[in-house]
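Okay, so here's the structure we're looking at.
The values are calculated or read from the model by the stated rules, or taken from the named source; none is laboratory data. Keep in mind that what you see is a predicted model, and the values were worked out from it rather than measured. Cβ coordinates were reconstructed from backbone atoms using ideal geometry, including for glycine residues, and neighbour counts include every protein chain displayed. These accessible areas exclude ligands, DNA and RNA; they are computed on the full protein's heavy atoms, side chains included. Shrake-Rupley method; radii C 1.70, N 1.55, O 1.52, S 1.80 Å.
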Amino acid sequence: MEFIDPALLNYCEKHTSNEDALLQKITRETRAKVLMPRMISGHLQGKMLELFTKMLNPKTILEIGTYTGYSGICMARGLSKDGTLITLDINDELEKMVREFFEESGLADQIDYRLGNALDIIPELPGPFDLVFIDADKFNYDKYFDLVIDKVSSGGIIMADNVLWSGKILVEEGKKIDKDTQAILDFNTKIQEDPRVENVLLPIRDGVMMARKI
C-alpha cells in the first residue's frame, strides 16, 4: 500500500503535524480489534484530509465508507460552523466503537452516521455536497460517482481513495486482472474522460483521485 521509500515516509510523517490523542487511540484500537486495520486512513492521509477540508470549509460532506471513523473525524474538523458530515457504512459490527469515537471527538452533533447500503441511501440524500470522499467497496466506485456527481455543488470536490490499488493498476501484459483491479482501472479512466470535472491523481498512501466539478 505504501509506495514511497520507508525512510522518506518517516521523514514526511515527522514533518506533518502530530496525531492528537484521539486519532492515536483510533489507530491503536483499530489495529487491536478490527480486521484489515490497514484500511484506516492514518496519519499522513488523515492530516491531508483535515487541512484540505479546512481550506474548503464545506457546509456538507458525504463520506462513503466510515470504517472506524478516523477519516470522518479529520474531515469533520474542517466543516463550517453549521456544517454536517454524512458518513455511510454497511458494517454495523463497528457501530458502537465508531459512535464512541465520534462522541469523544466533540463533533457528534455535526456527524450524521448512517448504516446501510450506500447505493440505496445516496439517492435519498438531497445534497448539495461540497465534498465527497469515496472509500468503500472498489467494485461500486463508478456507481457511487454516478450517484453523487449531480448532487455536488459547482466547484465541489469528489475524492476517491485506493486508486493506485497497491500498484496493481500497472498491469503486466498478458496478466489476468481481478475484478477489483479492473473496477479501479475503469474508475480512473472514467474520471479522466469525464468533461464535468478536472482532476489530479495524488500518490498519497494508496492513491487519492481528486476531481473538481466544473
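Report, by residue number, each residue of the stretch 113-133 that is more than 17 Å from Ile149 (Cα to Cα) and open to solvent by 80 Å² or more (accessible area, probe 1.4 Å).
Arg114, the sole residue that qualifies.
Let's see how each residue does on (1) part of a helix (DSSP H, G or I); (2) in contact (Cβ under 8 Å) with a residue 12 or more places away in the chain; (3) over 22 Å from Lys54 (Cβ atoms):
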site	(1), (2), (3)
Phe102	yes, yes, no
Tyr113	no, yes, no
Ile121	yes, yes, yes
Phe133	no, yes, no
Ala136	no, yes, yes
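Within the stretch 69-84, does at least one residue satisfy the condition of being open to solvent by 20 Å² or more (accessible area, probe 1.4 Å) and outside any loop (DSSP other than H, G, I, E, B)?
yes
In the stretch 160-214, what count of residues is obtained for those that are open to solvent by 40 Å² or more (accessible area, probe 1.4 Å), touching a residue at least 40 places away in the same chain (Cβ under 8 Å) and in a helix (DSSP H, G or I)?
6
Name every residue in the stretch 1-13 that is assigned to a helix (DSSP H, G or I) and surrounded by 11 or more Cβ atoms within 10 Å (Cβ to Cβ), in order of residue number.
Leu9, Asn10, Tyr11, Cys12, Glu13
Restricting the search to the stretch 87-112, which residues are open to solvent by 20 Å² or more (accessible area, probe 1.4 Å) and either of a type in the set (Phe, Trp, Tyr) or closer than 22 Å to Asp150 by Cα (or both)?
Once the filter is applied, which keeps residues that are open to solvent by 20 Å² or more (accessible area, probe 1.4 Å) and either of a type in the set (Phe, Trp, Tyr) or closer than 22 Å to Asp150 by Cα (or both), the stretch 87-112 yields Asp89, Asp112.
Collect the residues in the stretch 14-43 that are touching a residue at least 60 places away in the same chain (Cβ under 8 Å), open to solvent by less than 40 Å² (accessible area, probe 1.4 Å) and assigned to a helix (DSSP H, G or I), keeping them in residue-number order.
Selection gives Leu22, Ile26, Gly42.
Would you say Val200 is in contact with a helix residue (DSSP H, G or I) (Cβ under 9 Å, 6 or more places away or on another chain), among the β-branched types (Val, Ile, Thr) and farther than 18 Å from Ile61 by Cα?
no
Would you mind telling me which numbered condition in (1) within 21 Å of Asn188 (Cα to Cα); (2) outside any helix (DSSP H, G or I); (3) open to solvent by 60 Å² or more (accessible area, probe 1.4 Å) Asp146 fails?
(2)
Give the residues of the stretch 44-68 that are open to solvent by 40 Å² or more (accessible area, probe 1.4 Å) and part of a loop (DSSP other than H, G, I, E, B), sorted by residue number.
Asn57, Lys59
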